[in-house]
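Heads up: the structure comes next, in structure tokens.
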Amino acid sequence: LIAEEINRGWPLGLMPHTEMSRLQQIGVPPKNCKVFYVVNSRNGEMYGDAGTDGVYGNNVDAMIIAEYFRLPTINGTDSFMPPGWNLNGYRYPDYKNKIDEYINKNN
């Protein structure tokens, strides 16, 4: 069981110095910002293939940004998602509609 948890590489190829550089380029969120969502990811780069990127691209970035700025996000990924949460596919035209629908239903 312990051997199973050994990870010798950075997840998805993330490198700390690269991630810190990306975070510093974002700028400080506005003071009145209480929660955010991601509309773009990695300067157009993809996380692997289109399917993997659609699930993880914006959601992993949102979790990193949320941790760095200590600001909640409605994006993210986990084993269990809240009812009605379907905020994958940030590159698809219906993504903004899914965001708006989720915000309206959940305040």
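A short reminder: the numbers here are calculations on the coordinates, not readings from a lab. These numbers were taken from a predicted model, which means no experiment stands behind them. As a convention, Cβ positions derive from the backbone with ideal geometry for all residues, glycine included, and neighbour counts pool all protein chains shown.
Key figures
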item	result
Residue within the range 86-107 that is small (Gly, Ala, Ser) and either without any contact (Cβ under 8 Å) to a residue 24 or more places away in the chain or in contact with a Cys (Cβ under 6 Å, 6 or more places away or on another chain) (or both) present	no
Residue pairs meeting the criteria (Cβ under 8 Å; at least 6 apart or on separate chains; first in a helix (DSSP H, G or I), in the range 52-78; second among the polar types (S, T, N, Q) and surrounded by fewer than 18 Cβ atoms within 10 Å (Cβ to Cβ))	55/77; 56/77; 58/40; 59/77; 60/77; 63/77
Condition check for residue 88: crowded, with 18+ Cβ neighbours inside 10 Å, part of a loop (DSSP other than H, G, I, E, B) and touching a Phe, Trp or Tyr at 6+ places or on another chain (Cβ under 7 Å)	no
Any hit, the range 7-15, residues being in a loop (DSSP other than H, G, I, E, B) and either surrounded by 10 or more Cβ atoms within 10 Å (Cβ to Cβ) or touching a His at 6+ places or on another chain (Cβ under 9 Å) (or both)	yes
